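Below is one structure, written out as C-alpha cells; the observations come after it.
The values are calculated or read from the model by the stated rules, or taken from the named source; none is laboratory data. The structure presented is a predicted model; accordingly, all values stated were derived computationally and were not measured. Please note: Cβ atoms are built from the backbone with ideal geometry, for glycine as well, and neighbour counts cover all protein chains shown.
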Amino acid sequence: MTTITVNGKQHQIDADPNMPLLWVIRDIIGLTGTKYGCGVAQCGACVIHLNGDAVRSCVTKLSRAAGQQITTIEGLSKNNDHPIQLAWNEENVPQCGYCHSGQIMSAAVLLRANPDPSDADIGAGMAGNICRCGTYQRIRKAIHLAADLQRKENASK
Amino acid sequence: MKQQLTNKKTYRVSVNAFTVIGVLLLPIVIMAFGLKAGPDVTDLNPPLVKKDSIASVKAFKQVYTVLMSSRCMNCHPAGNIPLQGDDSHLHTMSPQRGIDGKGVYAMKCANCHQATNTPGLHTPPGNPNWHLPPADMKMVFQGRTALQLAKQLIDPKQNGHKDLKKLIAHADDGLVLGGWNPGEGRTLPPMSHAAFKKAWITWLTTGAYAPKKQLKGTNHLTGLP
C-alpha cells in the first residue's frame, strides 16, 4: 500500500510500486484531466506537479510519489482561476486541446520560477511540451498575459 | 658463583637489548597493521605518485577513448544543451543546463530521468543524481584534444575542485558508473569499467602526463579511431 497526496487529498494506493503515476491518477483515482501522449517522456501531455516540479507522470513510478504532494490540472486552482488558466481562456489557446493539461502545468512552473519570462525563457521552459496543432504562438502570448495578470493580482493584494 | 653472576649479567644485557629493539619496532608494527592489505589506491593519503611519463601517456590514451565516448561526452557538452544518442546529437527538446546543471523551470533533468533506467527503447536513462556540470564549471569534454582534456582534468579550477585523491575516487562516482548501465539500445563505453578505472588510476599515479599532441589515429571530436 502506497500513500500519496493528490490535490490535497490523501489516497492509499494498492498497486505495484512500479506502476506509472499516470495510471494511478487516471485509472485508480479517476482524475482524467492528465493525458497519455507518448508514454516515454517525449511529449509532455502527462505533466503533473510532484512537490512543485513538473514531472512526467508516464515514466514516474508510484514509488517515487510515496508520501509526496501531487498536483494535477484539476488541483491547479480552486476555481480554474490560476493566471495561466485565465490567460489560456482569454487567448483561446487550445485547438484540439489534448496536450494543454501538460502545457498549462509546465507553464505554471515557469511562471512561479520566473514571474516575467522573456520569449527565450518561455522557449527554454516550454520546449518539452509538444503541440501537434501548433498552438505555440498562442501559448507564448498567453504566458506573457498570465505574467501581467499575476503582477496585477500581486499588486492588488 | 662467578659463573652464576656472569650468566645473570648476560641475561640482563639480553633483556635490555630486546626492550630497545621492541620499542624501536613498535611504531613499524603499528603502521604495518594500520595499512590495509589490498592495493586500494583510494585509501592512500597522500596518494602514491611514481612518475612514469610513458606509462602515463599510454594509460591516458585508453582513458581518452572512454571520456570521449557518447556515454561520457553526452553530459559534458561544449554548449548548454546535453547531447543524446550514440551519434551525440543535441538532446531533443533542447533542455538547458541551468545554473546548477539540473535544468530550468519545467525542464529539469529529473522530470524525465528517474532514479533508475526506464524500461524499453528510446526511454529516458536514469540515475538518482542525473545532471550536467554546473554553469560556473562546465567541464567540457566535447571537442577537447587529448592534451586539452588531460590538462583540464587535473586542474582543480576546471575539474570541480578535485585533488588527486578525489579524482581517483571519482572513477567510482554513481553517475560515472551509470555510463556502463545506459539503458536499452545504447552502446557501452569502449572498455569495461574495471579496465577504465585501472587506466585512470595508472594515468593519475604515474604523474598524469598529458600527451604532447593529438593522439595518433583518433578523432579529436569523438576520441575514437
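All but one of (1) out of contact with any Lys or Arg (no Cβ under 7 Å at 6 or more places or on another chain); (2) more than 30 Å from residue A:39 (Cα to Cα); (3) of a type in the set (A, V, I, L, M, F, W, C); (4) surrounded by 17 or more Cβ atoms within 10 Å (Cβ to Cβ) hold for residue B:195, so report the exception by its number. Checking residue B:195 against (1) out of contact with any Lys or Arg (no Cβ under 7 Å at 6 or more places or on another chain); (2) more than 30 Å from residue A:39 (Cα to Cα); (3) of a type in the set (A, V, I, L, M, F, W, C); (4) surrounded by 17 or more Cβ atoms within 10 Å (Cβ to Cβ), the one that fails is (4).
Can you spot a residue in segment A:75-82 that is at pLDDT 95 or above, within 14 Å of the chain's Cα centre (by Cα) and aliphatic (A, V, I, L, M)? Within segment A:75-82 (the criterion being at pLDDT 95 or above, within 14 Å of the chain's Cα centre (by Cα) and aliphatic (A, V, I, L, M)), the answer is yes, since at least one residue qualifies. One residue stands out among those in segment B:124-151 that are closer than 25 Å to residue B:114 by Cα and among the small types (Gly, Ala, Ser): the one that is surrounded by the fewest Cβ atoms within 10 Å (Cβ to Cβ), which is B:135.
Taking residue A:28 as the residue in question, decide whether it is over 15 Å from residue A:5 (Cβ atoms), among the aliphatic types (A, V, I, L, M) and part of a helix (DSSP H, G or I). So residue A:28 fails the test.
Which of the residues spanning segment A:64-73 are part of a loop (DSSP other than H, G, I, E, B) and either in contact with a Lys or Arg (Cβ under 7 Å, 6 or more places away or on another chain) or away from every other protein chain (no Cβ under 14 Å) (or both)? A:67, A:72 - these are the residues of segment A:64-73 that are part of a loop (DSSP other than H, G, I, E, B) and either in contact with a Lys or Arg (Cβ under 7 Å, 6 or more places away or on another chain) or away from every other protein chain (no Cβ under 14 Å) (or both).
No other residue among A:123, A:102, A:128 is in a loop (DSSP other than H, G, I, E, B), within 11 Å of chain B (Cβ to nearest Cβ), closer than 17 Å to residue B:93 by Cα and not basic (Lys, Arg) apart from A:128.
Rundown of residues vs (1) touching a Gly at 6+ places or on another chain (Cβ under 9 Å); (2) more than 14 Å from chain A (Cβ to nearest Cβ); (3) of a type in the set (S, T, N, Q), yes/no style:
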{"residue": "B:94", "(1), (2), (3)": "yes, no, yes"}
{"residue": "B:147", "(1), (2), (3)": "no, yes, no"}
{"residue": "B:156", "(1), (2), (3)": "no, yes, no"}
{"residue": "B:164", "(1), (2), (3)": "no, yes, no"}
{"residue": "B:175", "(1), (2), (3)": "no, yes, no"}
{"residue": "B:178", "(1), (2), (3)": "yes, yes, no"}
{"residue": "B:182", "(1), (2), (3)": "no, yes, no"}
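Just wondering, is there one or more residues in segment B:72-87 that are in a helix (DSSP H, G or I), crowded, with 22+ Cβ neighbours inside 10 Å and away from chain A (no Cβ under 13 Å)? So far as segment B:72-87 goes, yes, one or more of its residues are in a helix (DSSP H, G or I), crowded, with 22+ Cβ neighbours inside 10 Å and away from chain A (no Cβ under 13 Å).
What do you reckon, is residue B:58 within 14 Å of another protein chain (Cβ to nearest Cβ) and modelled with pLDDT of 95 or more? Explain how you work it out, then say what you get.
Details: within 14 Å of another protein chain (Cβ to nearest Cβ): no; modelled with pLDDT of 95 or more: yes.
Criteria not met by residue B:58.
Scanning segment A:29-55 for residues that are within 11 Å of chain B (Cβ to nearest Cβ), under 13 Å from the mean Cα position of the chain (by Cα) and over 20 Å from residue A:11 (Cβ atoms) returns A:43, A:44, A:54. Of all the listed residues (A:67, A:37), the sole one being closer than 18 Å to residue A:135 by Cα and either in contact (Cβ under 8 Å) with a residue 12 or more places away in the chain or not polar (S, T, N, Q) (or both) is A:37.
Being part of a helix (DSSP H, G or I) and crowded, with 19+ Cβ neighbours inside 10 Å is the filter here; which residues of segment A:74-85 pass it? Reasoning before the result, please.
Here is the first cut: in segment A:74-85, the ones part of a helix (DSSP H, G or I) are A:74-75, A:83-85.
Within segment A:74-85, A:83, A:84, A:85 qualify.
Does residue A:61 satisfy the criteria of being within 13 Å of chain B (Cβ to nearest Cβ), basic (Lys, Arg) and free of Cβ contacts under 8 Å to residues at least 60 places away in the same chain?
Numbers: within 13 Å of chain B (Cβ to nearest Cβ): yes; basic (Lys, Arg): yes; free of Cβ contacts under 8 Å to residues at least 60 places away in the same chain: yes.
Taking the combined requirement at face value, the residue satisfies it.
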